[in-house]
Structure formats: C-alpha cells, structure tokens
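Engineer: Encoded as structure tokens, here's the structure I'll be asking about.
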Amino acid sequence: MEEDKSISRVQINQIAWDVLDDEANPEEVRELLEYICELVVRKEPLPPEVLRYIRDSLRAYLDGSKKSLDRSFGVKRKPGRPKADREQRVDMATEILRMRMKGRHHEYALGAVGRKFGKESSVIGEAWAAHKFDAHIALRLEWPEEKTSWTEGELQKLAKIFLKESWLIPPGKKNN
C-alpha cells in the first residue's frame, strides 16, 4: 500500500510564506512540489493554498523580483548565509529574555546564548531584535498553571528590558 504523503494546509501556507521571504527549506519545497504532482496525477482539486503558492511564485518570476523559476518557487535559496528558521530564532530570543530576567547583562546573554546555539553573537542579536515580543509571549506560556501574572519585580525587569518598546505598558502607567 502506498504511503500517504499529504501535506496539511497549514504546512503549505508556511512553506509558501517562507518562499516569499527567501527562507524556505528547499527539501520542504520539493516535498510540496511532489505533493502537488500527486494531486494532479490523482486528478484531485488543488487546495487554495497551493494555487496561491503557484500564483505568487509565477508572479515573482514574471515581475522580475526573482530571477529564476528555481528561486521563485523556493527550490533554490537566495545566495548567502541561510537564516535560522523562525522557531529557532524565537527560541534564541526567549533564551536571551530568560537570562535577562535572571539579572544577566545583555552582552553576557548574547555570548552565552550564542555558545548554546552554536551561533555568532550577531546572529543572536538579530534574533533578539526581530523576536523580542515573541520571546515575551513564549516566556509567559512557560509559567506553571497556578501562576497568573508577573510579580512586581518581574514587571520592573521587563520595563527595563523593553524600555523603548511601545507594546509593553510599564508598571504604574495606564493605557489610554
């Protein structure tokens, strides 16, 4: 019996977004293309996510924003160092925040997290800059079930860490 190689609509969307951002994993793209071929062979309708992926890929090639069909469909990446996947970048940022909440200085946290993930401090810094908010949410989701809010001390640390972030309302300030 043939193994079902279906790909969920969520996975299709994620791959398509990664292709648009030049962050797609070429192996995942190839799996998606194989899946599309199987749907066509079985004469099954293509999900709307697949049709958008094909449309966006063709449009990127035709408008010249991607110079080859391989790049526009995500089979080949943009030249240069590939970015760490989003999940890993959020994990890096969360680890930075975890260390900062324990009182570590930012530079120390960058180095320690860099060693943990085997990345340069600059890569860790980029992950932190791009995913501070995600790290804040991820850290909150790690709480035990009985914890319902940040302590006053934690709020003070967050206010200091996210001093220039408009999305964090520091303790004692009201959202108007």
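Engineer: Taking the condition of being surrounded by 14 or more Cβ atoms within 10 Å (Cβ to Cβ) and either in contact with a strand residue (DSSP E or B) (Cβ under 8 Å, 6 or more places away or on another chain) or closer than 11 Å to Arg98 by Cα (or both), how many residues in the stretch 133-153 meet it?
Structural biologist: Summing the residues that are surrounded by 14 or more Cβ atoms within 10 Å (Cβ to Cβ) and either in contact with a strand residue (DSSP E or B) (Cβ under 8 Å, 6 or more places away or on another chain) or closer than 11 Å to Arg98 by Cα (or both) in the stretch 133-153 gives 4.
Engineer: Just to be sure, is Ser65 modelled with pLDDT of 90 or more and either surrounded by fewer than 19 Cβ atoms within 10 Å (Cβ to Cβ) or over 13 Å from the mean Cα position of the chain (by Cα) (or both)?
Structural biologist: Criteria not met by Ser65.
Engineer: Is it the case that Gly103 is in a loop (DSSP other than H, G, I, E, B) and small (Gly, Ala, Ser)?
Structural biologist: The answer is yes for Gly103.
Engineer: Ok, one more. Using the structure shown, decide if Leu58 is surrounded by 12 or more Cβ atoms within 10 Å (Cβ to Cβ), in contact with a Ser or Thr (Cβ under 8 Å, 6 or more places away or on another chain) and over 30 Å from Ala138 (Cβ atoms). Reasoning before the result, please.
Structural biologist: Details: surrounded by 12 or more Cβ atoms within 10 Å (Cβ to Cβ): yes; in contact with a Ser or Thr (Cβ under 8 Å, 6 or more places away or on another chain): yes; over 30 Å from Ala138 (Cβ atoms): yes.
In short, yes.
The values are calculated or read from the model by the stated rules, or taken from the named source; none is laboratory data. Just so we're clear, the structure is a prediction, and the values are computed from it rather than from any experiment. Cβ: placed from backbone, ideal geometry, glycine included. Neighbour counts: every protein chain shown.
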